[in-house]
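Asks: One structure coming up, written as structure tokens, with questions to follow.
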Amino acid sequence: MQANSNEPVELQKNLLVLGIETSCDETAVAVVDSHRNILAHSVLSQVDDHAEYGGVVPEIAARQHISSLDHLIRRTMAEANKNFSDLDAVAATTGPGLVGGLMVGVMTAKAIAAASGKPFIAVNHLEGHALTARLVEEISFPYLLLLMSGGHCQLLATYGVGQYERLGSTIDDAAGEAFDKTAKLLGLSYPGGPAVERAAREGDANRFPLPTPLLGRPGCDFSFSGLKTAVRRTAEACVAERGALYPTDRADICASFQTVMGRCITDRLQHAIDAFRAKTGDGPLPLVVAGGVAANLYLREQIKSVARENNMSFHAPPLALCTDNGAMIAWAGLERFSLDASINDQEKAPRPRWPLDENALPKVGAGRKGPKA
Ligand code: KG4
Ligand code: ZN
């Protein structure tokens, strides 16, 4: 069993960290302290700006971050009733993500840090998701992390802050991307995840049988692109048969799609649990889910029952902390700072690609936010 080598030491001081997130289409800012208090947080979604394009347009995203960030920081600091001089560090997402947005957040955070004589902490966006559950409750390392977002889908053995071993990842689309593409194909709103989940609630999952990718195959990798093609064919068949795609057709396809996503994810997860147990032994182990797709209540229930069957405790951040937010970045910065108070990343530049497990080879090419693996 791997030692909990970098569990945070008990802090003498209550640290206060400002976190800035601008890696994709949310401008988000938060102030968080060591006692798991989120003193203030603001998220400005750009969903409406990108909706007509059916996906995030990097140029528009960067411009929106520039025009909103200063104001959002001022407002969040005022709500927290703090000045920059009260902070111990300033953290910003430094990768992976869209480089224009990353530059806005990183430059702003570095400027605030330099002007107020505080360290700047470069945070990996994925580590932000990976550690969010620890902002909500005390969870000890090691734990198994299922990270499902718009750009990523991975299973990671998490041994400590900065210590991740990738057990599996997608070989094509990310889980959120599969939801987004399905929504787009069916004419549902962007972002697709919440729209598909809503439609699925009204649908019959048995009307359109869809194939479950990689079901029963060895390993912990994911694949969702074949499912997307099956959804398209099913929708086309409906239109050919009845002249249009009716709301009931949409709902039934969504229900079937979501059920298959659940079946695929839990099948891969079981393999990862077996691999993780082989490394860590038989004791009770935490299972943590993170990322925007973890906001899906149907998938949460499916994953929770796998955890139960495997004698694992289940941990999921509240829905607002699953999708991108500033608190997760502030917290990841705080966790790193609490382990090494001499840290200062002023020299670090934005990294559009930045895997959590630097030793794992990429499985697929560039995605919306860097390599999907
Ligand atoms: O973590 P996140 O906010 O951003 C990335 O880091 O990518 O995740 C966004 C993704 C989108 O693809 C969105 O459709 C998906 O999470 N998502 C959901 C739900 N809410 C957001 N997917 C399924 N069900 C949901 N309820
Ligand atoms: Zn994210």
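The values are calculated or read from the model by the stated rules, or taken from the named source; none is laboratory data. Keep in mind the model is a prediction, meaning the values are calculated, not measured. Here the Cβ is made from the backbone with ideal geometry for all residues, glycine too, and neighbour counts use every protein chain on show. SASA here: full protein model, heavy atoms, side chains in, ligands and nucleic acids out. Shrake-Rupley method; radii C 1.70, N 1.55, O 1.52, S 1.80 Å.
Asks: Looking only at region 43-63, decide whether some residue is modelled with pLDDT under 95, within 24 Å of the chain's Cα centre (by Cα), buried (at least 21 other Cβ atoms within 10 Å of the Cβ) and over 17 Å from GLU335 (Cα atoms).
Replies: Yes, because at least one residue in region 43-63 is modelled with pLDDT under 95, within 24 Å of the chain's Cα centre (by Cα), buried (at least 21 other Cβ atoms within 10 Å of the Cβ) and over 17 Å from GLU335 (Cα atoms).
Asks: Continuing with this model, one more query. Looking only at residues in region 106-122 that are part of a helix (DSSP H, G or I) and free of Cβ contacts under 8 Å to residues at least 60 places away in the same chain, which one is farthest from ligand 2 (Cβ to nearest atom)? Give the derivation first.
Replies: Our first condition is that a residue be part of a helix (DSSP H, G or I); within region 106-122, this holds for 106-115.
With the extra rule that they be free of Cβ contacts under 8 Å to residues at least 60 places away in the same chain, the set shrinks to 107, 111, 115.
Working: MET107: 20, ALA111: 24, ALA115: 28 Å.
The residue in question is ALA115.
Asks: Here's another thing I want to ask about it. Just to be sure, is VAL288 within 16 Å of ligand 2 (Cβ to nearest atom), at negative phi, in contact (Cβ under 8 Å) with a residue 24 or more places away in the chain and under 27 Å from the mean Cα position of the chain (by Cα)? I'd like the intermediate steps shown before the answer.
Replies: On the way: within 16 Å of ligand 2 (Cβ to nearest atom): yes; at negative phi: yes; in contact (Cβ under 8 Å) with a residue 24 or more places away in the chain: yes; under 27 Å from the mean Cα position of the chain (by Cα): yes.
Considered against the rule, which asks whether it is within 16 Å of ligand 2 (Cβ to nearest atom), at negative phi, in contact (Cβ under 8 Å) with a residue 24 or more places away in the chain and under 27 Å from the mean Cα position of the chain (by Cα), VAL288 comes out as yes.
Asks: For region 123-195, give me every one of the strands (runs of 3 or more DSSP E) that falls completely inside it and has 2 or more residues that are of a type in the set (A, V, I, L, M, F, W, C) and more than 15 Å from ligand 1 (Cβ to nearest atom).
Replies: Details: elements: 143-148, 153-160, 163-169.
Per the criteria, 153-160.
Asks: Continuing with this model, one more query. Going by the structure shown, is THR234 within 27 Å of PHE314 (Cβ to Cβ) and either more than 13 Å from ligand 1 (Cβ to nearest atom) or open to solvent by less than 70 Å² (accessible area, probe 1.4 Å) (or both)? Break it down into steps so the answer makes sense when it comes.
Replies: Details: within 27 Å of PHE314 (Cβ to Cβ): no; either more than 13 Å from ligand 1 (Cβ to nearest atom) or open to solvent by less than 70 Å² (accessible area, probe 1.4 Å) (or both): yes.
No, not satisfied.
Asks: Would you tally the residues in region 294-323 being part of a loop (DSSP other than H, G, I, E, B) and more than 16 Å from ligand 2 (Cβ to nearest atom)? Spell out the reasoning first.
Replies: Keep residues of region 294-323 that are part of a loop (DSSP other than H, G, I, E, B), which gives 296, 310-311, 316-318, 323.
Keeping just the survivors that are more than 16 Å from ligand 2 (Cβ to nearest atom) gives 310-311.
Residues meeting the conditions: 2.
Asks: Please specify each residue of region 291-331 satisfying the condition of being within 10 Å of ligand 1 (Cβ to nearest atom), of a type in the set (Val, Ile, Thr) and open to solvent by less than 20 Å² (accessible area, probe 1.4 Å).
Replies: Correct list: VAL293 only.
Asks: Read through the list (1) open to solvent by 30 Å² or more (accessible area, probe 1.4 Å); (2) among the hydroxyl-bearing types (Ser, Thr, Tyr); (3) under 21 Å from THR323 (Cα atoms), then give the number of the only condition that THR229 fails.
Replies: Failed condition: (3).
Asks: Here is a further query. Pairs needed: first member in region 175-187, closer than 14 Å to ALA251 by Cβ; second member anywhere, within 13 Å of ligand 2 (Cβ to nearest atom); C-beta distance under 8 Å; at least 6 residues apart or different chains.
Replies: ALA183/PRO191; ALA183/GLY193
Asks: Please determine whether any residue of region 137-146 is surrounded by fewer than 22 Cβ atoms within 10 Å (Cβ to Cβ), at pLDDT 95 or above and touching a His at 6+ places or on another chain (Cβ under 9 Å).
Replies: Within region 137-146, one or more residues are surrounded by fewer than 22 Cβ atoms within 10 Å (Cβ to Cβ), at pLDDT 95 or above and touching a His at 6+ places or on another chain (Cβ under 9 Å).
Asks: On to the next question. Every residue in region 12-42 that is more than 16 Å from ligand 2 (Cβ to nearest atom) and either open to solvent by less than 10 Å² (accessible area, probe 1.4 Å) or charged (D, E, K, R) (or both), please. Quick ask: steps written out before the conclusion?
Replies: Here is the first cut: in region 12-42, the ones more than 16 Å from ligand 2 (Cβ to nearest atom) are 12-18, 31-40, 42.
The answer is LYS13, VAL17, LEU18, VAL31, VAL32, ASP33, ARG36, ALA40, SER42.
Asks: Continuing with this model, one more query. Within 15 Å of ligand 2 (Cβ to nearest atom), in contact (Cβ under 8 Å) with a residue 24 or more places away in the chain and open to solvent by 10 Å² or more (accessible area, probe 1.4 Å) - does that describe any residue in region 160-174?
Replies: No, that holds for no residue.
Asks: Something else about it: Name the residue, out of ASP274, ASP252, that is of a type outside the set (Val, Ile, Thr) and either part of a loop (DSSP other than H, G, I, E, B) or closer than 26 Å to LEU361 by Cα (or both). I'd like the intermediate steps shown before the answer.
Replies: Working: ASP252 fails: either part of a loop (DSSP other than H, G, I, E, B) or closer than 26 Å to LEU361 by Cα (or both).
The conditions single out ASP274.
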